[in-house]
Amino acid sequence: MRFKTIEEYDKELSEMEEDLLEMEAYIEKHPEKFGVKGNYETYKQVYKIFENDKKRFLDELNTICLILNGNLINKGLNVEELFNLSKHFNETENITTNLLGNKIDHENLIVKEIAQGSYKITFSFPNPTEEDVKRTSPRKKGLMKIFDFINCGDNIEKLKNEAGPNGHDALISYKEFLEEIVKHNADFTLDTELETVKAGLTLEQCKNICENLNV
């Protein structure tokens, strides 16, 4: 089974629960139908597996992928470069969360995977929840604010308006993150929610922001 949203997953669970109730009612009326009872026990086990797998699906939905594309990327990134990219992205997510007025104790994003080719760093929130998927959690709102910044492209005024009157620190952090991207002569994309939410900037856009965003 392949789903794109937690709502689709929960709908399937609910339909399976209804099927089980119908099977239970039938077995109660027809206890001699041993074949139906065997099918019921098998289906019940499938339901339990599917129910227990929900945590993995939440984790998959909350995966965040930072992908760098550029001439130098295939040469690989050293440990310090990986640390700096991850650090500045994590700090940007933290400060955009604060920008939205969410006063929480920040948790560092978890690096789940590093893949070479175009260079991809895969992050996740610690202990992802349904609230993260539904974008109601403070940390998910902070992450989505980064997508809002990226979608401004290199329009400086639009970016400042998106940050708002209290967004000075957020813009500083965002600029520092883009400066790390520029060091690798790379375009970048960011995606989440099984790649259904995507945004990106070209190297030239990153350079333009870094040169003209005075914060």
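May I ask for the angle, rounded to the nearest 10°, between helix 203-212 and the longest principal axis of the chain, with both axes built from Cα atoms and the value confined to 0 to 90°?
It is inclined by approximately 50 degrees.
Could you please report the charge total around Asn84, scoring K, R as +1 and D, E as -1 over all other residues with beta-carbon less than 11 angstrom from its beta-carbon?
Residues close to Asn84 contribute a combined charge of -4.
Multiplying the sequence separation of Arg2 and Glu211 by 0.36 nm and subtracting their Cα-Cα distance, what value in nm do you get?
Gain in length upon complete extension: 70.9 nm.
Once R0 is set to 41 Å, what does the formula 1/(1 + (r/R0)^6) return for the Cβ-Cβ distance between Asp169 and Glu24, expressed as a FRET efficiency to the nearest 0.05?
The calculated FRET efficiency here is 0.10.
Mind checking the angle between helix 6-29 and the chain's longest principal axis? C-alpha axes, 0 to 90 degrees, to the nearest 10.
Its long axis makes an angle of about 10 degrees.
Could you give the C-alpha radius of gyration of the chain expressed as a fraction of 2.2 N^0.38 Å, taking N as the number of residues it contains?
Taking N as the residue count of the chain, the ratio is 1.33.
Against the longest alpha carbon principal axis of the chain, how many degrees, from 0 to 90 and to the nearest 10, is the axis of helix 138-150 turned?
The angle comes out near 50 degrees.
With 20 Å as the limit, write out which pairs from Lys11/Lys54; Lys48/Lys140; Lys145/Lys175 have Cα-Cα distances beyond it, or answer none.
Those over the limit are Lys48/Lys140.
Using a Gaussian network for the chain with springs between C-alpha atoms less than 10 Å apart, which of these wobbles most: Leu21, Leu201, Leu58?
Leu21
Considering the chain as a Gaussian network with a 10 Å cut-off on Cα pairs, which listed residue, Asn52, Asn151, Asn78, attains the greatest mean-square fluctuation?
Most flexible of the set in this elastic network: Asn78.
Where a number appears in this text, it was derived from the coordinates with a stated rule and is not lab data. These figures come from a predicted structure and were not determined experimentally. Please note: Cβ atoms are built from the backbone with ideal geometry, for glycine as well, and neighbour counts cover all protein chains shown.
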